[in-house]
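Following: one structure in C-alpha cells, then a few remarks.
Rule-based calculations on the coordinates, nothing more; no lab input. All of these numbers come straight from a predicted model, not from anything done at the bench. Neighbour counts run over all protein chains shown; Cβ positions are idealised from the backbone, glycine included.
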Amino acid sequence: MTYCLGIKVKEGLIAIADTRITSGTSKSTKKKIYVEQREGHSLFIMTSGLRSVRDKAVHYFQELFGERKPDWNKMYKAVNSFGEQIKRVAEEDGDALKKAGLKFNLFTIIGGQLADDREHKLYLLYPEGNWVEIGDDSPYVIIGNSGHGKTILNRVLASNSSIQQAVKAGFLSFDSTRVSANNVDFPIDIAIYANNSFMVKENRYTAKDMERVSRQWDDGLKTLLEKIPDDWSTDI
C-alpha cells in the first residue's frame with residue numbers, strides 16, 4: 001500500500017507521497033513522484049498499484065515525452081497519452097498477471113501545466129485509462145491508503161487556501177495516515193508547483209525533520225479535547 005496526495009489550490013499544486021515499499025516482511029524506500037519538466041512543460045506523476053505496471057507505463061510515457069510531441073500543448077493531452085500507456089501495459093501484461101493471481105491495478109495522479117494551459121491542472125486516472133479532472137469543489141485526491149487522511153483535508157482545505165496552508169494540511173493528512181497504517185511511513189517527498197512557473201520544486205523529509213510538527217499536532221489535539229465542554233455528556 002502507499003499514500004499519494006495531490007492538491008490543487010489557486011496558487012498552484014502540491015504532491016505528497018510516502019516512500020515506503022513493503023514486500024512480505026521486507027521494507028524499503030522508493031521514490032513515488034516522477035517529474036518531467038522543460039521550457040513550457042512541467043508535470044508530475046504519482047501512482048498506486050503494482051510497481052511493475054507503474055514502472056512500465058512511466059517508461060513508455062518517458063519515451064513519448066522525449067519526442068517533444070507538438071500536440072502536447074495542454075495537460076489533458078499528456079494525460080490522455082499516459083492513459084494510452086496504461087492500456088498498452090494492460091494488453092501486454094494483463095493476462096499474465098491474472099494467471100498469477102494478481103489484478104491489474106494502477107491509479108494515477110497527474111498534475112502540472114503545459115504551454116497553452118491557462119492554469120495548472122490536476123487529474124485522477126483509473127486503471128482503465130479514463131480520467132477525471134480535480135476541480136475547486138473538491139480540491140484534492142488521495143490514492144493508496146486513503147481512509148485515514150481525508151478528515152483534516154475536508155475540514156481545513158479549500159481552493160483559495162494558500163500553498164503554505166495546503167502543504168501543512170497535506171502533511172497532517174499524511175501524518176494521520178502514518179499513525180493508523182503500518183504500510184505508510186517516512187521519508188515523504190513533497191513537490192510544489194506554482195501557477196505559471198513551469199518549475200516543480202521537490203524536497204524529501206524524514207521523521208526527524210518533521211518530529212516537532214507531529215508532536216505539536218498531537219499535543220494540540222489533546223489540548224483542544226480537554227477544552228471541549230463536557231456538560232452535555234454528564235447523563236451518559
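Segment 125-232: which trypsin sites (Lys or Arg not before Pro) are DSSP loop and have at most 11 other beta-carbon atoms within 10 angstrom? Loop-located and lightly packed - Lys208.
Taken as Cα centroids, segment 167-236 and segment 94-145 sit 24 Å apart, rounded to the nearest whole angstrom. Relative contact order, whole percent, for the chain stands at 29, derived from Cα pairs under 8 Å and 6 or more residues apart. To the nearest 10 degrees, how steep is helix 163-178 against the longest Cα principal axis of the chain, on a 0 to 90 scale? Relative to the chain, helix 163-178 is tipped by roughly 80 degrees. In terms of distances greater than 27 angstrom between alpha carbons, the cross-link table entries Lys30/Lys201; Lys98/Lys150; Lys8/Lys77; Lys10/Lys30; Lys8/Lys74; Lys8/Lys103 yield Lys98/Lys150; Lys10/Lys30; Lys8/Lys103.
For the chain, the longest principal axis of the C-alpha atoms and the axis of helix 75-99 are separated by about 90°.
Calculate the FRET efficiency for Ser81 and Ser197 from the Cβ-Cβ distance with a Förster distance of 35 Å, rounded to the nearest 0.05. After rounding, the FRET efficiency stands at 0.95. When the helices of the chain are scored as -39500 (n - 2.57) per DSSP H run of n ≥ 4 and the total is divided over every residue, the value at 222 nm lands at -11500 deg cm²/dmol. Modelled label positions at Asn182 and Glu211, each set 7 Å beyond Cα in the direction of Cβ, lie 2.3 nm from each other. Peptides 50-56, 182-188, 133-139 ranked from most to least packed give 182-188, 50-56, 133-139, packing being the mean of other C-beta atoms within 10 angstrom over each peptide's residues. Using alpha carbons only, how many degrees (0 to 90, rounded to 10) separate the axis of helix 51-66 from the longest principal axis of the chain? Between the helix axis and the principal axis of the chain, the angle is about 60 degrees.
The lysines within cross-link reach of Lys99, meaning a Cα-to-Cα straight distance under 25 Å and a gap of 8 or more places when in the same chain, are Lys56, Lys87.
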